[in-house]
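Student: Here it is, the structure in full.
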Amino acid sequence: MHVRSLLYFIGEAFKSIARNGWMSIASIGVVSITLLILGSFMVLSYNVDLFTQDKKEQLQIVLFLDEAGNEETILELQKKLASHPRLEEARFVSKEEAMERLKAQLGDRAYLLEGIDSAEENPLRDRYQLRTKVPEDIPVVAKEIEKYPGVGYLDYGKGVVEPLFQLTGLVRWIGLAFMAGLAATAIFLIAHTIRLTVYIRRREIMIMKYVGATDWFIRWPFIFEGSILGIVGAIVPLFVIYYGYEAAAHWLQSNVYFITLIPTENIMEEIIKIIIPLGVVLGVLGSSISVRRFLKV
Amino acid sequence: MIEIYHLYKKYLKNELYALKDINLIIDRGEFVFVVGHSGSGKSTLLKLLLREILPTKGSIKIFGRDITRLKNREIPFLRRNIGMVFQDFRLLEDRNVFENVAFSLRVIGTSPREIRKRVPLTLELVGLKNKAFKRPHELSGGEQQRVCVARAIVNRPAMLLADEPTGNLDPATSMEIMTLFQDINIRGTTVIVATHAKDIVDHFQKRVVVLENNQLVSDQERGAYFNAR
Ligand SMILES: Nc1ncnc2c1ncn2[C@@H]1O[C@H](COP(=O)(O)OP(=O)(O)OP(=O)(O)O)[C@@H](O)[C@H]1O
Ligand SMILES: [Mg+2]
């Protein structure tokens, strides 16, 4: 595309945006709200992730071996665990090692274990500590592994982790559905604005066709108009998020000491990469719909 | 320059043909009037030449190419070689004369320098040199039609089509506009004018093609309006 044509298209796009006034503002507004919600959601989840990362990493399945199991079944089990696609790590902990750890945990109250800490008396069982690649997989993997031969029983916070993961999953889905609805509204409004422009410019378009403008030359200004609406609609929430985040971080740091937030620069860098392209996509989608339906070239 | 063979056009949903078995050859540099009663198919013929519509049957060769077979993306390039003048001028009210004429260059990607050179020359040719910065509504009908003509020829097309260009003008102004077409024709542009204006056709003594009942019934050099039958 020639620089001159590019300038022409952008110029025409801005003229239309100014001329369409309230429709342009409404389109930008809905794009902004959509992306503001998405952006806030992202900011929140990045920080929550950071906060819960260690907690989540502590989540694991402890597999106690069936005491009746012979060496063969244990070997077989070990192989299965090692090759399980969803498992990150399967670490064997013998009952002696477990006893040592227990002692270490009890510290100066380790005397409580006296008498049962000998090799013969040790009541603990041999076990595997299993870590899944994704913490959310724990319930599923546990259900599967439970049935393996040689398994005594599992301990993975059953009844606690499932609802937790279900809840976070649900929140995510509701958020997504809500944003999809808003995005559809944004696209619709942009399409409507562009349709208005096509209508206002019908005379110009007719003459352009008579004097031999190419179809794409006629279309581009409308695509640009949509994109500009989308980009402006994306920049507004970025500012809101920037200042909002600064303020929130400031408040949290002076009131709630133990929380560490992701620095503003880092988080902005992350969300700009998502929000701006999304704004453009909404704009281009909206204008393409109108160009396709109402611009007969 | 234009070769039309066995051209038929029936609009969808219509019972009757708008044009039936038209055969017509127009050479480079000719001046042709197309006359006929209302509904005889004059506008349809011009629309076919501009590839605004496709014929039902038959072929239209322009500059040696059958334009009925052009791909959609080739149509703009055909139109860059054909200027079109309308009865109702179709000027853009929100910009001045200069910009109305420059418009047809801008949208085909002509450089600003070329536009600054070409537009004043064209305005001079149509006699609007000192009205460049007036808006269309500040002009008389005849002047508005001159702007429309300037817009059509500023790109130096090989051919100029006009559909009842004097339909909205008084006789004296009509004569002026037709004289302008003649000037343009003398400079080498092929001109085809569809018109009802009997006096004008009789006065100019050009080639006259007569359409009647949607058929070509007469084609005479130095003809007059309806002198064919
Ligand atoms: N878009 C269209 N759809 C259907 N029929 C049409 C269309 N345009 C023209 N016609 C019909 O085709 C025939 C020829 O019309 P055309 O406009 O070519 O006549 P014309 O000679 O230009 O008439 P006028 O002198 O009134 O401008 C007429 O019967 C008209 O009703
Ligand atoms: Mg007509």
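The values are calculated or read from the model by the stated rules, or taken from the named source; none is laboratory data. In this text the structure is predicted, and so the values were computed from the model without any measurement. No Cβ is skipped: glycine too gets one built from the backbone with ideal geometry, and neighbour counts run over all protein chains shown. Quick note on the areas: whole protein, heavy atoms, side chains included, nothing else; ligands and nucleic acids left out. Shrake-Rupley method; radii C 1.70, N 1.55, O 1.52, S 1.80 Å.
Student: Please report, largest first and rounded to whole Å, the three semi-axes of the ellipsoid equivalent to chain A, where each semi-axis is the square root of five times an eigenvalue of the C-alpha gyration tensor.
Tutor: In descending order the semi-axes read 62, 23, 14 Å.
Student: Provide the convex hull volume over Cα atoms per residue for the range A:60-155, in Å³.
Tutor: Hull volume normalised by residue count: 98 Å³.
Student: I've got another one for you. Loop-only check: which GluC sites (Glu not before Pro) in the range A:1-110 are DSSP coil with at most 15 other Cβ within 10 angstrom?
Tutor: In loop regions of the range A:1-110 (DSSP not H, G, I, E or B), the sparsely surrounded GluC sites (Glu not before Pro) are A:Glu67.
Student: Starting from the residue with the highest accessible area, list B:Tyr8, A:Tyr199 in decreasing order, probe 1.4 Å.
Tutor: Putting B:Tyr8, A:Tyr199 in descending order of accessible area: A:Tyr199, B:Tyr8.
Student: Simple spin-label model, 7 Å along Cα-to-Cβ: A:Glu121 to B:Thr56 in nm?
Tutor: In this crude spin-label approximation the distance works out to 11.0 nm.
Student: In whole Å, what is the distance between the alpha-carbon centres of the range B:172-229 and the range A:118-163?
Tutor: Between the Cα centre of the range B:172-229 and that of the range A:118-163, the gap is 98 Å.
Student: Now a separate question. Given a 1.4 Å probe and heavy atoms of the protein chains only, how would you sort A:Arg131, A:Arg172, largest accessible area at the top?
Tutor: Heavy-atom accessible area, descending, gives A:Arg172, A:Arg131.
Student: For chain B, what is the relative contact order in percent, using Cα pairs closer than 8 Å and at least 6 residues apart in sequence?
Tutor: 27
Student: Which order do you get for A:Tyr148, A:Tyr243 if you rank them by accessible area with a 1.4 Å probe, largest at the top?
Tutor: The residues order as A:Tyr243, A:Tyr148, largest area first.
Student: So for the range A:60-155, averaging the separation of alpha carbon pairs under 8 Å that are six or more residues apart and normalising by length, what relative contact order in percent results?
Tutor: Contact order relative to length: 55 percent.
Student: Amide H to amide H under 5 Å from A:Val93: which residues, 5+ apart in sequence or cross-chain, H placed 1.01 Å off N in plane?
Tutor: A:Arg127, A:Tyr128, A:Gln129
Student: Related question: Any chance you could give the angle, 0 to 90 degrees and rounded to 10, that helix A:95-106 forms with the longest Cα principal axis of chain A?
Tutor: Compared with the principal axis, the helix lies near 80 degrees.
Student: Now for a different question. Mind listing the phi-derived Karplus ³J(HN,Hα) values for the range B:93-110, rounded to whole Hz, using 6.51, -1.76 and 1.60 with θ = phi - 60°, and x for any glycine or proline?
Tutor: Calculated HN-Hα couplings, in order: 5, 8, 9, 7, 4, 3, 5, 4, 6, 4, 3, 6, 8, 4, 6, 10, x, 6 Hz.
Student: According to the square roots a ≥ b ≥ c of the eigenvalues of the Cα gyration tensor, what is the shape class of the range A:178-297, taking rounded for a/c under 1.5, prolate for a/b larger than b/c otherwise, and oblate for the remainder?
Tutor: Prolate, since a/c reaches 1.5 and a/b exceeds b/c.
Student: Next question, about the same structure. Looking at A:Ile190, A:Met208, A:Leu102, which one has the Cα that reaches farthest to the positive end of the dipole of chain A (charges on Cβ: Lys, Arg +1; Asp, Glu -1)?
Tutor: Checking the options against the dipole of chain A, the answer is A:Met208.
Student: On a 22 Å Cα-Cα criterion, which of the cross-link pairs A:Lys209/B:Lys134; B:Lys20/B:Lys198; B:Lys42/B:Lys134; B:Lys47/B:Lys71; B:Lys134/B:Lys198 come out too long?
Tutor: Distance filter (> 22 Å) returns A:Lys209/B:Lys134; B:Lys20/B:Lys198; B:Lys42/B:Lys134; B:Lys134/B:Lys198.
Student: Would you grab the residues whose amide H sits under 5 Å from the one on B:Leu160? Only those 5+ places off in sequence or on another chain, please, with H modelled 1.01 Å from N.
Tutor: B:Gly83, B:Thr190, B:Val191, B:Ile192
Student: With a point put 7 Å past each Cα toward its Cβ, work out how far B:Tyr8 is from B:Glu93 in nm, to one decimal.
Tutor: The two pseudo-label positions are separated by 4.4 nm.
Student: Then there is this: Counting every Cα pair in the protein assembly as shown, what percent are over 33 Å apart?
Tutor: For the protein assembly as shown, the fraction of Cα-Cα distances above 33 Å is 62 percent.
Student: If amide hydrogens are placed 1.01 Å from N in the peptide plane, which non-local residues have theirs closer than 5 Å to the one on A:Glu88?
Tutor: A:Arg131, A:Thr132, A:Lys133
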